[in-house]
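Below: the structure, in structure tokens.
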Amino acid sequence: MTSIAAAPGRSAPAAGKAAPDDSPIRLMIVDDSSIARAVLSRMILSHKGFDIVATAGNAGEALDALKTIRVDIVLLDVEMPGTSGLEALPDILRAGGGARVLIVSSLADDGAEASVRALALGAADTLPKPGTGTFGGRFSQILADKLRSIGRVTRQGQPAAIPAPVYESTIKLRAMPDYRLGCLALCASTGGLHALSEFLRALPSEIGAPILITQHLPPVFMPFFARQIEAASGRLTRVAEEGLPLLAERILIAPGDAHIQLHRHGSAVTVRLSRNPVSSGCKPSADPMLWATGEAYGMSGLGVVFSGMGRDGLVGSARLIESGGAVIVQDEQSSAVWGMPRAVAEAGLASAILSPAGLAARVTARAGAFRT
């Protein structure tokens, strides 16, 4: 049975109604284990700022509950009888009215491929369950921190034709350089894998330039991530290695333990990998990649910043623009976490603020303008 409960002293808002900004983050737990549901609920409610508004033992119960309640985040297990969490994920996202999904599953650790698939399908983040008998302790705090970083839904239930967000009138956009595309540098973090996939699917088969990607993922995920990107893009995709040449239409991905840097010798550009600490604290970090793109490609360099927490990419974007290049960023409506794109936009460094498909159209237009 699905269990639906409003927080004490509160009435449960109907689906589609926005919650006050100071309201708790509303959660649904979907797990076939009643013990796991109970333990997760107890851990979450030991922290302030959360309401468990529903629990479900399978995907069908979750979808039924989403017809009548509003949820900010769905905690979703992967292994469940009948429809698996991965199979149900697209339907849950559609039914959730903007709700985001955090995968909480043992497969998020033991099977990295499942996590990458979940991220590509639209999950905001993943978290491995601790082993048997180890629920509690640090896991409780990590879980609460992830939930807070994903946050509450702010546009739940609004129609597709929503008014332009405030930032469009307050953030000044830069002019896009009128120059051929030499290199496309993409960076993303939380929620970014889904955005990257959507963006790459929307690109034409040829843009006349190499593509670099920095996505915040641990090293174990990178081979699966590369395969996911290759499937989405239809382009040869490799995890970057020292000395690899940049070739038009080939995608190189930053390894999970190093930053992409570049070396130009005449007309040839090759990869240099760095493991030095950077100001953002990320590894891999978008900043060295964007910085190097500016140094190697100047006016022909174009950076794209997708969904993600924090400010990684801000320093590199500034350097890319100083070198004559440009940066475009994902908009707030389509971002799981509007942190990295927002930092670049609010610094006045963005030439466009669009959905992943809109960003792809802008890149296509620029690449096509100089295609012979």
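Every read-out reported here was derived from the displayed coordinates using simple, explicitly stated rules and does not represent laboratory data. Keep in mind that this is a model prediction, so the values were computed, not measured. Using ideal geometry, Cβ is built from the backbone for each residue, glycine included, and neighbour counts are taken over all protein chains shown.
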* **Cα radius of gyration and Dmax for the range 207-363 (Å)** => 14.4, 42
* From phi via Karplus (6.51, -1.76, 1.60), per-residue ³J(HN,Hα) for the range 30-39 in Hz, x at Gly/Pro -> 10, 7, 6, 8, 5, 5, 4, 4, 5, 5
* Asked: Under 5 Å between amide H atoms, partner at least 5 residues away or on a different chain: which partners does residue 269 have, H built in plane at 1.01 Å?
  -> 246
* Build a GNM of the chain with springs between Cα atoms under 10 Å: which of 23, 317, 351 gets the top mean-square fluctuation? -> 23
* Ranking of 139, 50, 306, 225 by count of other Cβ atoms within 10 Å, fewest first -> 139, 50, 225, 306
* **Set of aspartates and glutamates with alpha-carbon distance to residue 283 below 14 Å, sequence-local pairs under 8 removed** => 257, 312
* residue 100's amide H: which non-local residues (gap 5+, or another chain) put their own amide H closer than 5 Å, with H modeled 1.01 Å from N in plane and none for Pro or chain starts? -> 73, 74
* How high is the relative contact order of the chain, given as a whole-number percent (alpha carbon pairs under 8 Å, six or more residues apart)? -> 14 percent
* **Among 307, 106, 233, residue whose mean-square fluctuation peaks in a GNM of the chain (springs only between Cα atoms under 10 Å)** => 106
* GNM on the chain, C-alpha springs below 10 Å: top fluctuator among 138, 362, 342? -> 138
* Sum -39500 (n - 2.57) across every DSSP H segment of at least 4 residues in the chain, then divide by the residue count to get the 222 nm mean residue ellipticity, nearest 500. => -10000 deg cm²/dmol
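From the gyration tensor of the Cα coordinates in the chain, what semi-axes in whole Å does the equivalent ellipsoid have, largest first, with each one equal to sqrt(5λ)?
Ellipsoid semi-axes (Å, largest first): 37, 22, 18.
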* To do: Go through 296-302, 175-181 and give me the packing order, highest mean Cβ count within 10 Å leading.
  => 296-302, 175-181
* Any idea what angle helix 286-297 forms with the longest principal axis of the chain, computed on alpha-carbon atoms, 0 to 90 degrees, nearest 10? -> 20 degrees
* Structure fact -> Within the chain, excluding any GluC sites (Glu not before Pro) found in a DSSP loop (not H, G, I, E or B) and having at most 16 other Cβ atoms within 10 Å, the longest uninterrupted segment runs 80-205
* Structure fact -> If amide H atoms are modeled at 1.01 Å from N in the peptide plane, then the residues at a separation of 5 or more from residue 334, or on another chain, having amide H under 5 Å from its own are none
* To do: Note the full-extension length gain between residue 270 and residue 227 as 0.36 nm times their separation in residues minus their Cα-Cα distance, in nm to one decimal.
  => 13.3 nm
* To do: Determine the shape class of the range 274-349: with a ≥ b ≥ c the square roots of the Cα gyration tensor eigenvalues, call it rounded for a/c under 1.5, and otherwise prolate if a/b is greater than b/c, oblate otherwise.
  => oblate
* Structure fact -> Counting only DSSP beta bridges fully inside the chain, the antiparallel percentage to nearest 5 is 20 percent
